[in-house]
Structure formats: C-alpha cells, structure tokens
Amino acid sequence: MKDSEVYNAIAGEEKRQAEGLELIPSENYVSRAVREALGSVLTNKYSEGYPGARYYGGQEYTDIVENLARKRAKELFNCKYANVQPLSGAPANLALYAALLEPGDTVLGMDLSHGGHLTHGHPVTLPAKIYNFVRYKMKNAETGEIDYEEMRKVAKKEQPKMMLAGYSAYSREVDYDAFVSIAREVGAVAAFDIAHIAGLIAGKAVRNPFDAGFDVMTTTTHKTLRGPRGGMILVREDETMAKKIDKAVFPGLQGGPHMNVIAAKAVAFGEALHPGFQTYATQILKNAKAMETVLRKSDIRMLGGGTSNHLILADVYGSLGITGAEAENVLDEVGITLNKNVIADDPRKPLDPSGIRFGTPAITTRGFGEEECARVAELMIEILRNKDNEDIKKRVKEEVKALALRFPIPESFV
C-alpha cells in the first residue's frame with residue numbers, strides 16, 4: 001500500500017486484533033476468502049436493479065454473484081425469497097418499514113433498555129419520526145422472561161401493523177410461538193430482526209423463526225454469521241411481500257448495490273453451509289455458558305439470569321461498584337474488548353451505564369473452548385475487582401496476549 005498513514009493504521013489494527021481478545025457480541029473475524037471478495041474488481045461495477053433487470057450493461061458476472069448469494073441465503077434460512085442488497089442492518093430495517101407500513105402506522109417492539117434494538121423505533125432514529133412505535137418489556141429482568149400477556153394486551157389496544165422480535169442485548173430465547181400467535185390475533189406482520197443470532201440459526205444451534213411462522217426476517221451479515229458488514233431481508237413465502245421489499249430497497253432507499261460486498265456475502269453463506277459451521281454455532285453457546293458459570297460463582301448479576309445465546313449482559317455497577325464505561329476502559333487496557341451497555345431500567349446514562357455486554361462469537365472463531373472462555377471470564381473479574389492495581393493489570397495483559405497468540409485468527413474456515 002502506497003499510503004503509509006493508512007497502512008500504518010491498518011497494521012496497528014491487525015496487531016491489536018491478533019494480540020487481544022474480541023468479546024463484543026456483534027463482532028467477528030472473516031476468512032481470507034471473504035476479504036478477497038471485498039477487495040475484488042467488483043467494487044468497480046455499478047449494478048442498479050436486480051439480476052436480469054439491471055439499468056446498466058455489463059452485468060453477466062454481477063448477476064451470477066448476486067444469484068449465488070440469494071440462493072445460498074434461502075438455503076441457509078429455509079425461505080423462498082432473499083434480498084441481499086441492503087447496505088447494513090439499519091437500512092434493511094428501514095426498507096422493511098417502508099415496504100410494509102404507511103407513515104403513522106403502529107409497530108410493537110422491544111424497549112431498548114430491556115435489550116431491544118436502536119432501529120426498532122428509538123426516538124433518536126428516523127423511523128421513530130415516521131411511524132408510531134410502542135413497547136414491550138421483560139416481565140422479570142432476573143430471569144429474562146418476556147411478559148407475553150402484557151404484550152397481548154398492548155397489541156390488542158394499539159393494533160400494530162407490525163410486531164418486531166429481535167434484540168441487541170437480550171440473552172434469552174424468545175417464545176416464537178407465543179409471539180406469532182399474538183401477531184396473528186391482531187393481524188400484524190410477524191417480523192424478526194435476527195442480526196445477532198443469524199449465525200446461530202444458520203448453524204442450527206437455535207430454532208429458525210420461520211419454522212414458527214414468522215413472516216419476514218432482517219439481519220446483518222456479520223456478527224455470528226461471520227460474513228462482511230452488510231444487511232439482508234428474508235421472506236418466508238409471501239411473494240407479494242417480497243416484491244414490495246425489493247422495491248423499497250431499490251429504487252426506494254438505495255441506488256447501486258455494493259457488488260464486492262454481495263460477493264463476500266455469497267462466500268460467507270457458502271462457508272455457513274459447510275457442516276463445520278454447525279459445530280461452530282453450537283460451540284458459541286457452550287462457551288457463553290462457561291463464562292456464565294464463572295460470573296455466577298463470582299456473584300456477578302447477569303440480566304436475564306444468564307444466557308441462552310451468544311451474549312451476556314452483566315450489571316457491573318450493581319455487583320462491583322464500577323460503571324460500564326470504566327469497565328470497558330480498564331478491560332481495553334489489558335487487551336479484552338467489550339462494550340458498555342445499559343441494563344433494564346438503568347438509573348445511569350447510556351454513555352456511562354451500569355452494564356457491560358460481551359459474547360463468544362469471535363473467540364470461538366479463534367478456536368476457544370469452554371476452558372479458555374472460563375479463564376477469560378476469571379481474568380475479566382480479576383481486573384474489574386482490581387482496576388487500580390498496575391501489577392495485576394500488567395500480569396493479566398501478558399496472559400491475555402499469550403492466550404490470543406496461542407489461538408491465532410484463522411485464515412480459512414472450510
């Protein structure tokens with residue numbers, strides 16, 4: 001690379017990733033094949049429209065790539081329609097709303113502080129200015145149980161046109177059948193934003209929402225799916241719905257798709273179809289449970305009482321007297337990367353909340369098993385309890401680096 005300033009920054013990031021442990025649940029590592037597709041000549045090509053119906057010429061190979069991505073996505077998630085053009089998760093959700101809602105329509109989604117997603121109608125977002133979002137919450141933050149009876153009451157009262165499942169900081173499984181039943185009862189579209197658990201679904205480690213009757217799913221293609229940063233919308237079987245979504249993505253919200261990213265999606269989906277991906281997805285859950293066990297023994301409060309998926313949300317302020325922001329910073333100093341996060345009905349502010357959020361997708365990609373993940377949890381607790389002890393921080397940093405180098409980031413998954 002001729003640009004030394006950019007090169008040095010990339011080299012520094014490569015070193016940081018190699019020598020540290022990535023615990024942010026929404027981050028992962030991609031294969032060399034995915035990176036090669038991202039850096040391919042497809043970045044040069046404008047491909048407005050869809051395969052067989054483009055607005056520019058020279059689409060012989062772009063059509064092949066996009067059709068491959070769609071075919072593999074449909075196979076992974078057992079559905080009839082897939083749009084792989086959304087640039088990320090937020091644009092995918094915006095396209096879903098634009099396709100199936102009218103301005104002012106009501107949407108029922110999870111409260112952000114109870115683990116919901118920013119793009120599900122938080123007041124600071126554009127969708128909240130267009131649509132009427134109402135909330136449901138956990139019935140009990142200690143168990144993670146969602147109050148489905150209250151959800152039903154709210155749905156009957158508000159008559160939402162769409163009901164949204166899907167979360168950014170919720171550590172338990174959803175009762176798919178109860179959710180779909182309520183949506184059917186009020187005539188709402190049952191939608192699931194699977195961004196965080198897409199890889200767990202593709203790897204058959206958790207149930208596929210389509211099997212319970214959800215109508216449509218949006219997702220990112222990174223996180224547990226271990227692909228490039230991008231988005232996707234999947235429709236179970238409704239052709240009319242799929243056509244509306246296609247029009248909402250293009251020309252409604254986006255112009256030319258990023259064909260290099262779509263090629264990388266196709267590669268990642270192909271990797272996820274490999275039998276080894278199911279082993280990976282299952283191991284993510286086992287590793288998260290191993291971390292949960294350590295935290296429970298150490299009397300660290302976990303929202304939802306623990307985890308049934310890939311992530312844990314811990315109340316470090318209530319358990320250890322350290323804020324989420326402080327915890328994020330001190331762990332960063334020793335090479336453990338995670339993020340501060342609000343907890344249910346958090347008395348603290350979002351930029352200095354009570355909790356931290358962490359998970360196992362990335363370290364599982366590196367080959368960590370339950371033993372290694374338990375050790376990482378022990379190191380985290382030791383640091384948080386001794387955040388001002390420089391000797392302990394130095395020792396833990398050395399152990400973290402040694403552990404990271406013992407499990408190098410793989411170049412290939414198949």
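Here, each number is a calculation from the coordinates, and none is a lab measurement. Note that the structure is a prediction, hence the values are computed from the model and not measured. Cβ coordinates were reconstructed from backbone atoms using ideal geometry, including for glycine residues, and neighbour counts include every protein chain displayed.
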*asked:* Run the simple label-point estimate for MET1 and ALA178 please: 7 Å along Cα→C-beta, distance reported in nm.
replied: 4.9 nm
*Please express the shape of the range 87-128 as an equivalent ellipsoid: the semi-axes are the square roots of 5 times the eigenvalues of the C-alpha gyration tensor, given largest first in whole angstrom.*
17, 13, 9
*Antiparallel DSSP beta bridges within the range 171-297, as percent of all bridges there, nearest 5*: 60 percent
*Rank the residues SER354, SER40 as a footprinting-exposure proxy: fewest other Cβ atoms within 10 Å of their Cβ go first.*
SER40, SER354
*Counting pairs of alpha carbon atoms under 8 Å apart in space and at least six apart in sequence, what relative contact order in percent does the range 71-192 give?*
23 percent
*Counting only DSSP beta bridges with both residues in the chain, tell me the antiparallel percent, nearest 5.*
55 percent
*In nm, to one decimal, how far is the modelled label at GLN159 from the one at GLU102, with both set 7 Å along Cα→Cβ?*
1.2 nm
*State the dimensionless ratio Rg/Rh of the chain (Rg: radius of gyration of Cα atoms; Rh: Kirkwood radius).*
0.97
*Please identify, among GLY58, GLY115, GLY20, the residue showing maximal mean-square fluctuation in a Gaussian network model of the chain using a 10 angstrom Cα cutoff.*
GLY58
*Please report, to two decimal places, log10 I(q)/I(0) for the range 1-141 at q = 0.13, 0.15, 0.17 Å⁻¹ as given by the Debye formula with identical point scatterers on the Cα atoms and no solvent.*
-0.95, -1.13, -1.19
*Which number do you get for Rg(Cα) / (2.2 N^0.38 Å) in the range 276-406?*
1.01
*With only Lys, Arg, Asp and Glu charged, each at its Cβ (+1 for the first two, -1 for the last two), find how big the charge dipole of the chain is about the Cα centre; round to the nearest 20 debye.*
540 debye
*Which aspartates and glutamates have a Cα lying under 20 Å from the Cα of LYS297, excluding residues fewer than 8 positions away in the same chain?*
GLU142, ASP315, GLU370, GLU371, GLU372, GLU378, GLU382
_Of the candidates ARG236, ARG207, ARG72, which one comes out as most mobile in a Gaussian network treatment of the chain with C-alpha springs shorter than 10 Å?_
ARG207
*Whose amide H sits under 5 Å from the amide H of THR307, counting only residues 5 or more places off or on another chain, with H placed in the peptide plane?*
none
*Among the lysines, select those whose C-alpha is under 26 Å from the C-alpha of LYS157, and discard any that sit fewer than 8 residues away in the same chain.*
LYS129, LYS137, LYS139
*Find the Rg to Rh ratio for the range 62-142, where Rh is the Kirkwood radius over alpha-carbon pairs and Rg uses the same atoms.*
1.08
*May I ask for the net charge around ILE182, where only other residues with Cβ less than 11 Å from the Cβ of ILE182 are counted and Lys, Arg are +1 while Asp, Glu are -1?*
-1
*Set of aspartates and glutamates with alpha-carbon distance to LYS244 below 20 Å, sequence-local pairs under 8 removed*: GLU48, GLU66, GLU102, ASP105, ASP193, ASP215
_the chain: calculated mean residue ellipticity at 222 nm from DSSP helix runs of at least 4, using -39500 (n - 2.57)_ = -13500 deg cm²/dmol
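So, counting K/R as plus one and D/E as minus one, what does the shell of residues with Cβ under 15 Å around ASN78 add up to?
Working: positive: ARG70, LYS71, ARG72, LYS74, LYS80, LYS204, ARG207, ARG236; negative: GLU75, ASP211, ASP215, GLU237, ASP238.
Neighbour charge sum, excluding ASN78 itself: +3.
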*Can you tell me the relative contact order of the chain? Whole percent, Cα pairs under 8 Å, sequence separation 6 or more.*
23 percent
_What number does the range 181-311 give for Rg over Rh if you use C-alpha atoms and the Kirkwood radius?_
1.04
*Taking the Cβ of PRO103 as the centre, find all other residues whose Cβ is under 12 Å away and add up their charges (Lys, Arg: +1; Asp, Glu: -1).*
0
_Please check: in the Gaussian network model of the chain (C-alpha springs, under 10 Å), which one of TYR56, TYR167, TYR280 has the largest mean-square fluctuation._
TYR56
*the range 344-401 to the range 269-298: how many Å between their Cα centroids?*
17 Å
_D (Stokes-Einstein, µm²/s), Kirkwood Cα radius, the range 32-272, 0.692 mPa s at 37 °C_ = 181 µm²/s
_Residue list for the range 346-381, given a label point 7 angstrom along the Cα-to-Cβ vector of GLU399 and an amide N cut-off under 17 Å_ = 369-381
